[in-house]
Amino acid sequence: MEREGKMMSSMHPSDKNNPKKPVPEPLRELVKTMNDFFTEKPVRGFLQTIDEFFKTPFPVSAGFDVETIENGKEHIITAALPGVKRDQIHLNITGNYITISIENNELETEENDQNQVYRRKFIRQHSSRTISLPHAVNEKLVKASYRDGLLQIRIPQEKGKVIEIED
């Protein structure tokens, strides 16, 4: 009994009425360290960079959607490229292959009040898709248009030469 009385007397009266117990000292330091970690400038800058990455509309190297339709007269290739500018799109024809490439090169600089550059970042994004057609492509007959984020390429079907078999 005497022992219990000593234990009770060692507790502060405020502890009896306070339902929240104070955080033990080692745990308090851990929580403080974690808070400091996520509020420090390098980590905050890293987290902001990740946010910017997911906000960018440019299709990254994962590719972009391409649909090919054949209607008897021509092949129609359609590529969805939202957020891409016309001058970032390149078409290349080799034999029976058409390659759609998208390239984005940007230089970002941040300056302080005295116009001194304190941060410079070069961004290069590249993505491409190659489409194979059943016949060689005559690049002079290919028509391409780009409107509202939709690239459309029209390639007329060419008839092959008929070769007669001799007896």
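Bear in mind that the values in this text are calculations on the coordinates, not laboratory data. Just so you know, these numbers come straight off a predicted model, no measurement behind them. Cβ atoms come from the backbone with ideal geometry, glycine included; neighbour counts cover every protein chain shown.
Would you please name the GluC sites (Glu not before Pro) within region 72-167 that are DSSP coil residues with at most 15 other C-beta atoms within 10 Å of their C-beta?
Glu158, Glu164, Glu166
The alpha-carbon atoms of region 66-156, seen along their principal axes, cover 64, 25, 20 angstrom, with the largest extent given first. Annotation for region 106-167 versus region 64-91: alpha-carbon center distance of 8 Å. With neighbours defined as other Cβ atoms within 10 Å of a residue's Cβ, the residues Lys121, Lys140 order from fewest to most as Lys140, Lys121.
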